[in-house]
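Please see the structure below; I have some questions.
Rule-based calculations on the coordinates, nothing more; no lab input. Computed from a predicted structure; not experimentally measured. In this analysis, Cβ positions are derived from the backbone assuming ideal geometry, glycine residues included, and neighbour counts consider all displayed protein chains.
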Amino acid sequence: MEKMVEGLVVVKAAPINYIEEMGIPYKKKTINYKVKYDDGKLKDIQYEGCLITKEQALHLDVCGYVHHTDLKLKKIEERIILYSDGGSFNNGNKNPDLPTFGSYASFITMDGELIHEEPIVGGEEEWTNNIGELTGAIKALDTLFEYFDIEKGTEITLITDSQYVTKGISEYMHGWKKNKWKNNQKKVVANLELWKYLDSHYLGRDDEFNLRVQWTRGHTDGSDIHSKFNQMCDDGCGEVINEWLESKGLPTR
């Protein structure tokens, strides 16, 4: 069993994506604007439900960016990692003479190995890139719960290169719901039905399973396991788009 550390990490404001850059999954991210440090920083960032290795915890202990930690050892018997991505052609209808199309691709893994062999891919005309990103996350979760018996307390991490998805889940969702699904411009949240589906089916179910999100940098060299599966997702999105382009008699990418 892999020993990991779970808990709260509070980071000073300057390295705003520090936990994300380290590749640490977390449940919720909150920016506290009422904090003032001696060096003049006026806010900090609280990452709740971080799930990190002992080595990462040691690194946090000696890192000057970290203001406070509240961590405890936890044995992880099962950790399922979902990877998802979205792609698009003519996103936002930039060329009005061409149709638009969005796609998604997802993979389900455990211990670095695929546990669902069939490709989880698809797409639709008139989808934006963000619809593809959100749909990829939802399809990964839908497929996981359709094909596998998820035991109580299972650790599930969703990894994506979309900050639209990770920030929506970990930062913005609470405020959207509090404001009757309106954003800070008082407008209805874009892709509302997808966000509502994700919320009602998978978020806030800590008594059944532990879902965390993790951002990973996209389009890297694929040298680590997260980059490898992220690239596989990206390739899957591209294949779906190319199949659609061929069906329309348009040049593939």
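Filter the cross-link list K28/K74; K152/K196; K75/K196; K182/K248; K74/K167 down to pairs whose alpha-carbon distance in this structure exceeds 28 Å.
Beyond 28 Å: K75/K196; K182/K248.
What residue among V213, V188, V66 shows peak mean-square fluctuation when the chain is described by a Gaussian network model with Cα springs under 10 Å?
Looking only at V213, V188, V66, the biggest GNM fluctuation is shown by V188.
Moving on to the next point. Taking the highest mean first, how do the peptides 158-168, 81-91, 123-133 order by number of other beta carbon atoms within 10 angstrom per residue?
81-91, 158-168, 123-133
Separate question: If I stretch the segment between D206 and Y147 completely, what's the gain in nm (0.36 nm per residue apart, minus their alpha carbon distance), one decimal?
This chain segment gains 19.2 nm when fully extended.
Counting DSSP beta bridges in the chain, what percent are antiparallel, to the nearest 5?
Antiparallel bridges make up about 75 percent of those DSSP assigns within the chain.
Hey, another quick one. Using alpha-carbon positions, what is the distance between the centroids of the range 139-202 and the range 83-104, in Å?
With the range 139-202 and the range 83-104 each reduced to a Cα centre, they are spaced 21 Å.
Mean shadow of the chain, computed from the convex hull of its alpha carbons, in nm²?
Over all viewing directions, the chain projects a mean Cα-hull area of 15.6 nm².
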